[in-house]
Structures are given as C-alpha cells and as structure tokens.
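FYI, it's all coordinate maths here, none of it is from the lab. Computed from a predicted model, the values in this text were never measured in an experiment. When we count neighbours, we look across all protein chains shown, and the Cβ atoms used for this are built from the backbone with ideal geometry, even at glycine.
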Amino acid sequence: MTDASRPLALRERADLADLLEDLGPDAPTCCSGWTTAHMAAHLVTRDRRPDALPGYALERTPVGDRLHAHATRLEERLRASTPYPELVARVRTGPPPWLWGAWPVAQVVDGPEFAIHHEDVRRAQPEWQPRALRLPDADRLWGAAQLFARSMAPRYPGGLVLQRSDVPGPGKRIRSGTDVTTVEGEPLEVLLWATGRRDVARVAVRGGAPAE
C-alpha cells in the first residue's frame, strides 16, 4: 500500500501504475475507446511532451481541435512504438525534473488528474467499489470539483450547487438561479461527475435540469 504521508499526486500516480501493471495493456477504461495501453500512453505524453498540453487544456473549445489532434497523434505514436511495460514504468517515474512538470507544480495539478484517471481504470473493471479517502485528500479534490464544475455551469441556467456528503456544511454555489440543480456526493464522486464521468459517479442530483 502506498505511504499515506506522501503527497496525493505521488500516491495516485503510484497506485495507478500498479493497477495498469496488474491489468495489462488490453483492459477497458471509462474513457470511450481507450484501453489501459491508451491510458498509459496518454499519461506519458502528458508528462513528457509539453507541446501536447495546449491540446488537453483547450480540448473542448473552438480553437482546440487542431491542438488536440496533435496531442492524439503523439499518444498514438508512443503507444504503437513503446512496449507496454515501458509505458507503465514511465507513468510510475513521472516527468524528468527539467521538464515543465517540476514537482511543486506537478503535485498541485497531478493530484486531481491522477485521481480521475485512477478511477477511469478502476471503475471499468468488474465489481469495483468506491474508495475511502483521507480528509485532506478529499478537501483537495473538493476544490478541483468546484473548478471543473464552473466550466459546465452555463448548462445549468437555473443554478448549480455542489454539496459534500462526507462532512456537514453548506453547499458551494457554482451558479445562481431560481431552479437550482444540486449535486451531492463525496468529493471524488462530485469531481468525477464534474469531469463528465456521470455513468460511474455516485452522486445524487436534485432539482432543475441542464439546458439542452
């Protein structure tokens, strides 16, 4: 088991690498069309090819199609040319220190990113169960859930509120309105919902509905 004293980003990376190694290259994931080999190639490209990053950041924007296509080509080239065990080894070690992913920055960004992709692999396997997270980890993911939820807030003109189910307290209003949709769950579950993994996110959605 990964040492709980290590930063969330490092623990999620290590646990995901273990899972990728155990499952082999052909296991399904929750990302449409991706096997575990696709996931490994994506993570290595993200770590080691800074020129792919704009394609990930702008994937769902009008200007992002060409950039995302470039990132996809890099991933496919890597997947086709690199043995799967080597891909997993690179996922485990992360980016070289001299790249953009210097550890202080990477640990902030990579905690939620690797938690999401860890669940993409876990929840595509039979008989998966939700994980219990430490409160500091849940708090970190709660902040990320709010950030991602803001990008989908325009789909909820009646208003959108996120509510934690693991600790008492008021919900977080993402968008005001008169027909509010409330999404309630543990922080990891709400994060998965906010990043489009609605089929596997264990949340309760109440109230209004998104615009078509």
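At-a-glance table
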quantity	calculated
DSSP bridge orientation in the chain - percent antiparallel, rounded to nearest 5	60 percent
The chain - Debye-derived log10 I(q)/I(0), Cα point model, q = 0.18 Å⁻¹	-1.38
Hydrodynamic radius by Kirkwood, which averages 1/r over all alpha carbon pairs of the range 152-194, in angstrom	10.5 Å
Loop-exposed trypsin sites (Lys or Arg not before Pro) per DSSP, neighbour cap 15 Cβ within 10 angstrom, longest uninterrupted part of the chain	61-130
Inter-part distance where the range 35-55 and the range 111-183 are each reduced to a Cα centre, Å	24 Å
Simple label model, 7 Å out from Cα along Cβ direction - A80 to L147, nm	3.4 nm
Calculated diffusion of the range 136-207, Stokes-Einstein form, Kirkwood radius summed over Cα pairs, 37 °C and 0.692 mPa s, µm²/s	278 µm²/s
Förster-model FRET efficiency, 25 Å R0, V167 and D199, C-beta, rounded to 0.05	0.45
Within a Gaussian network of the chain (alpha carbon springs, distance under 10 Å), most fluctuating of T36, T82, T181	T82
Estimated inter-spin distance, A69 and E21, nm [label 7 Å along Cα→Cβ]	3.8 nm
